[in-house]
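The values are calculated or read from the model by the stated rules, or taken from the named source; none is laboratory data. The shown structure was predicted, so the numbers you read here are calculated from the model rather than taken from an experiment. Cβ sites come from the backbone with ideal geometry, for glycine too, and all protein chains shown count toward neighbours. These area figures cover heavy atoms from the full protein model, side chains too; ligands, DNA and RNA do not enter into them. Shrake-Rupley method; radii C 1.70, N 1.55, O 1.52, S 1.80 Å.
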Amino acid sequence: MKLGIICPSEIALRRFMPALRLVSGFEFSGIGVCSKEEYFGSNISDEEKLKKILDGERGKAQTFIDQYGGEIFEGYETIIKSDKIDALYIPLPPALHYKWSKKALECGKHVLVEKPSTMSKEQSADLVRIANEKNLAIHENYMFAFHNQLNSIENIISSGEIGDVRLYRISFGFPRRDIADFRYNKALGGGALIDAGGYTIKYAMRLLGETAKIKYAVMNTVDGYEVDMYGSAALVNSQNVTAQIAFGMDNNYKCELEVWGSKGCLTTGRILTAPDGFEPLLTIRKGNVDEVRKMPSDNAFKKSIDYFEKCIRNKDIRIDTYRKIIKQAQMVDEFRKLAKK
């Protein structure tokens, strides 16, 4: 199956392409660079500056071609409509996911879109509707969900080694980046909830199950920025088990899970961001005794691409994926509504 990329983004070059090489079901065909009209900063009045930006995008795209082959498609519309492409990976800023995923689906392309799928449940449901009508796959790339450390942790919990779970805590945050980063641009879908909070919500739902509901939510701002910069919430399931989540993009780095049980406590770092080849460490404390265990490494990005291929070929998996995309978008919407009360 021939796959193309919309936008020569950093994550596409650094993470997606090395993982794609390991997947047998796809052939990289090329990368689309935006036209002047398609550029998300096309309101720039300085023509020379805009030309420099677009030339820079083409330069980035050439790096892909030099390393991986394929061709450069001039314009997102061009690659979307090309009969040389069967599926598209879309790593654009979040506010652009809906527009270009919709166009891709309407042109009969399967879509692997970076998280979040869109900015709202309404938009995500619309993409799912189109995909379902056209028997197409759409997969939201929360790749951490495919790392085998999650299964290892769940096996420890279900074994009863740390007793009955009293509380989950999930924390994900990182230091402030350059002001030009899209994460701090409201028009491009910036904000800590969209960028970091979605991870914690998705993992909390996995741990708590289908009955999880958000009981309270808080979004915080920082002077000089137009988007939310950090936040927190509590989710509770039908058994009254609670998951506390916290996230931010003006924080000291943290990417941790804590599971507090009646007999012990489990903690681990890099729970949402473990790269290929990294061996996560897990600590189990019983009383005042700590035991550190090394968990196996994994390639979560490759496994997410593998899953995308399964979505394309298996209708049941595809339908389940539709449901998960809508559920995730619904929970983020609910968080936002509760935080504004």
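Details
- Built amide H within the under 5 Å cut-off of VAL222, gap 5+: MET229
- Computed lengthening from ASN288 to ARG129, 0.36 nm per intervening residue step minus Cα-Cα distance: 51.9 nm
- If the segment from LYS341 to TYR253 were pulled out straight at 0.36 nm per residue, it would be longer than the present Cα-Cα gap by 28.8 nm.
- Cross-link pairs LYS215/LYS327; LYS36/LYS121; LYS2/LYS327; LYS263/LYS324; LYS254/LYS341; LYS121/LYS302 - those with Cα-Cα distance over 25 Å: LYS36/LYS121; LYS2/LYS327; LYS263/LYS324; LYS254/LYS341; LYS121/LYS302
- Accessible heavy-atom area order of LEU22, LEU105, highest first, probe of 1.4 Å: LEU22, LEU105
- When shorter helices are ignored and each DSSP H run of at least 4 residues is given -39500 (n - 2.57), the per-residue value for the chain at 222 nm works out to -11000 deg cm²/dmol.
- Dipole magnitude for region 130-214: about 300 debye, using +1 per Lys or Arg Cβ and -1 per Asp or Glu Cβ, origin at the Cα centre.
- Neighbour-limited loop hits for GluC sites (Glu not before Pro), region 11-66 (at most 15 other Cβ within 10 Å; DSSP other than H, G, I, E, B): GLU37
- Of the beta bridges in the chain, as assigned by DSSP with both residues counted there, near 60 percent are antiparallel.
- Anisotropy class of region 196-333 from Cα gyration tensor, a/c 1.5 cut: rounded
- For GLY32, residues with placed amide H under 5 Å, excluding near neighbours: ILE5, ILE6, CYS7, PHE73
- At R0 = 25 Å, FRET efficiency that the Cβ-Cβ distance of GLU226 and ARG176 yields, to 0.05: 0.95
- Cross-link table LYS60/LYS186; LYS310/LYS337; LYS115/LYS286, entries beyond 31 Å C-alpha to C-alpha: LYS310/LYS337; LYS115/LYS286
- At most 15 other Cβ within 10 Å, DSSP loop - chymotrypsin sites (Phe, Trp or Tyr not before Pro), region 168-255: TYR253
- C-alpha long axis of helix 97-106 to longest principal axis of the chain, angle in °: 60
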